[in-house]
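The values are calculated or read from the model by the stated rules, or taken from the named source; none is laboratory data. Here the structure is a predicted model, which is why all the values come from computation and not from measurement. In this analysis, Cβ positions are derived from the backbone assuming ideal geometry, glycine residues included, and neighbour counts consider all displayed protein chains. Accessible surface areas use protein heavy atoms only, side chains included; no ligands, DNA or RNA. Shrake-Rupley method; radii C 1.70, N 1.55, O 1.52, S 1.80 Å.
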Amino acid sequence: MDKTNKTNRESKLQEMWEDAKKGQRIWRQEAVENYEFVTNNQWTPGERALLAEEEKPCLTFNHILPIINLLSGMERQNRADVKVFPRKGGIRIIADAFTSLAKHSIDLCHGDTEQSMQFVDGIISGKGWLKSDISYKKDKINGDLVVTRRSPFDMYEDPNATKYDLNESAKYIVECYWGDKENILLLWNEHKEDIEAYIASPQDEDMMDRNGKLVKKSDKEDRDPSLYNYRLKEIWWKSYKKQLFLIDGATMAFSPVHDSQKEIAKILVEKEKRQAGTQSRRPRYSLKEHIIEVLHITTMLGDMILEDIEDPYHGMTSFPIQRFCPYWFDGVTFGVVEGLKDPQREINKRSSQMLHILNHTANTGWIVNEKEQNTIDLLSEEGSKPGVLVIWSNHEPKKIEPNRFPEGLFILKQDDEASMKKISGLNPDIMGEGDKRTDSGIAILRRQRQGATISEPVYDNFRLSQRIFGETLIEMIRHSQVYSAAEVTQIMQEEKQEIDIEQLYKAMKRWAVGHYGYKVEQQPNLPTMRMANLEVLMNMANAGLPIPIDVIIEQSDIPNKEEIVQRVREEAQRVQQEEQQPARQTKGKASPPKMQSMIGKV
């Protein structure tokens, strides 16, 4: 990149950064307060100081955290794995391979936990982020595909995006992280002079001290620059270019033509066209040009480009970062906490007022004659203590009668607590509470679903985010070399699938397979869903439907179920072979048990 193009690109990317910051300013203020409410910091410093000055209590009864825990617990109890299905005309073995590789990647990095953390971020702040990346920490050659939760406060998306899926309308996503001078110079030593010049005079709020506090340029002390961390911006953005495609008219498959092969492709297509003319048939191959997206990743320090990579994943155009928004309306996002903050404030204020009134009611004071100095001294020191003995001479001291406790405070507090439940949808059904403690898994699940109807938009958006994540994960597997053919072979063997690995590996990398060969969904993971599915299968089997025993066992949580399933299948094959033998060979032998009778015993 020449100097002029670099300057223009730096200006363009810096403009993206400024627009993203401006577009998220209001959301960030709300999000910071949301996390404070969840973490018991529900009074402002000014409110705390005022109450302390007036010697009034400052109570916090956190009703928001249990609601967050409940919604998060429901998500964790109903986790789902990535499941790839072949589309019409697709190949199932390829879909199964993608499913196995995706599960392997997620298992290696505890991806299910990372997704749950993304969910919690979303319901608290309104945005949860998940990133798929290639880490070379363990595998120095091919790397490992890892999934990590990203802090919402480190992410800035295009504020002009009009679709939930950022791949459909966003032009860029910015991820920020912090690095010290030593690490920055180690990674980009070719820019040493520019880096040191910038660190000497960084932009406002691009510097952080070791306590995690942002430092403005005007507040910077004359200290060693190595004692600070500096903001680095990783900008994922898209450009557009014309791409030539080779189309096979017989199969309607098409593949992109590299720029270096354009002339050769044109010659070959023209040659095939002439042959078709001589043979009085339609040409099989043709060329067509389309405009396509190209993904870029640019790392910046301030307004300076440190690294710029075009097409980092060799043809993948989806952002490797996915966003989850519990509520999303034409670009406006918010979480569950926003609607609960005002009732929570009222509960804290009512509780503090009630305690303050009770404190004063318990010790309202005394009326004492001014001549009873000994009594005055005694009551001043001991009057609030239980069992105090009061000695008086001529004038009996009288205790001041307290005012009647205002019942309106109780009513308002109860109303506030009821409002919390109504707004959040918290009720006994969603918590799985019932009269019968031995209810079946299906009954529990049914009540949870009925009670959770009010939260269904949240979970529906999370399922959409999971599908987008699954599609991106599969695309990264296809376009990167993170899984070699040998690794694919080993993983597929663990799944007990025998395949021609060379043909499978080539098919997985084909352009048409990625765009039209499969779709990504979810399948149940944790026990709640599996046990419900198991009970459904058992009811179907008891009703007489021919449900294979191995299918039922696979839905259970019994130990060594893989070995049991394998033995059941081997026994079924042996039974089938014996039944196919001539009657004379089986005469006098006991008939083997039928599979249906085995089902009835389960």
Exercise for the section: Determine, yes or no, whether E289 is among the acidic types (D, E), part of a strand (DSSP E or B), open to solvent by less than 90 Å² (accessible area, probe 1.4 Å) and more than 14 Å from Y172 (Cβ to Cβ). Expected result: no
Exercise for the section: Name, by its number, the condition in (1) over 21 Å from the mean Cα position of the chain (by Cα); (2) under 26 Å from Q322 (Cβ atoms) that does not hold for P57. Expected result: (2)
Fill in the blank from the handout: Taking first residues from the stretch 471-492 that are farther than 17 Å from I141 by Cβ and open to solvent by 40 Å² or more (accessible area, probe 1.4 Å) and second residues anywhere that are among the β-branched types (V, I, T) and outside any helix (DSSP H, G or I), the pairs with Cβ under 6 Å that are 6 or more apart or on different chains are E471/V520
Problem - Matching residues in the stretch 91-119 - criterion: being more than 19 Å from M155 (Cβ to Cβ), open to solvent by 50 Å² or more (accessible area, probe 1.4 Å) and among the hydrophobic types (A, V, I, L, M, F, W, C) - result: I91, I93, L108
Handout entry: Members of the stretch 161-179 that are open to solvent by 40 Å² or more (accessible area, probe 1.4 Å) and in contact (Cβ under 8 Å) with a residue 40 or more places away in the chain
Key = T162, K171, Y177, W178
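State all residues of the stretch 27-54 that are of a type in the set (A, V, I, L, M) and over 22 Å from the mean Cα position of the chain (by Cα); if no residue qualifies, say none. Walk me through it before giving the result.
In the first step, residues of the stretch 27-54 are kept if they are of a type in the set (A, V, I, L, M); the result is 31-32, 38, 49-52.
Selection gives A49, L50, L51, A52.
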Exercise for the section: Collect the residues in the stretch 115-167 that are modelled with pLDDT under 90 and either of a type in the set (D, E, K, R) or closer than 30 Å to K341 by Cβ (or both), keeping them in residue-number order. Expected result: K137, K138, D139, K140, D144
Problem - Unmet requirement for K83, which otherwise passes all of (1) within 29 Å of T299 (Cβ to Cβ); (2) touching a helix residue (DSSP H, G or I) at 6+ places or on another chain (Cβ under 8 Å) - result: (1)
Practice task
Please state which one of S255, S260 is outside any helix (DSSP H, G or I) and either open to solvent by 60 Å² or more (accessible area, probe 1.4 Å) or in contact (Cβ under 8 Å) with a residue 12 or more places away in the chain (or both).
Solution key: S255
Problem - Answer residue from the stretch 292-322, given it is touching a helix residue (DSSP H, G or I) at 6+ places or on another chain (Cβ under 7 Å) and hydroxyl-bearing (S, T, Y) and is least open to solvent (accessible area, probe 1.4 Å) among those - result: T298
Handout entry: Selected residue [surrounded by 12 or more Cβ atoms within 10 Å (Cβ to Cβ) and not in a helix (DSSP H, G or I)] from Y198, Y156
Key = Y156
Practice task
Look at the stretch 37-51 and say how many of its residues are open to solvent by 70 Å² or more (accessible area, probe 1.4 Å) and in a helix (DSSP H, G or I).
Solution key: 3
Practice task
Can you run down the residue pairs with Cβ atoms below 6 Å, 6 or more apart or on separate chains, where the first is in the stretch 132-145 and open to solvent by 40 Å² or more (accessible area, probe 1.4 Å) and the partner is acidic (D, E)?
Solution key: K138/D144
Handout entry: Residues that are under 17 Å from M117 (Cα atoms), polar (S, T, N, Q) and open to solvent by 40 Å² or more (accessible area, probe 1.4 Å), drawn from the stretch 55-75
Key = N69
Exercise for the section: Residue by residue through the stretch 564-592, note down the ones that are modelled with pLDDT of 75 or more and open to solvent by less than 70 Å² (accessible area, probe 1.4 Å). Expected result: I564, V565, V568, E571, A572, V575, E578
Exercise for the section: Spot the failing condition for D139; the list is (1) outside any strand (DSSP E or B); (2) charged (D, E, K, R); (3) closer than 16 Å to T472 by Cα, and only one is missed. Expected result: (3)
Exercise for the section: State which residue is modelled with the highest pLDDT when the search covers only the stretch 341-369 and only residues that are in contact with a His (Cβ under 9 Å, 6 or more places away or on another chain) and outside any helix (DSSP H, G or I). Expected result: V368
Fill in the blank from the handout: In the stretch 530-570, residues that are in contact with a strand residue (DSSP E or B) (Cβ under 6 Å, 6 or more places away or on another chain) and among the β-branched types (V, I, T) total 0
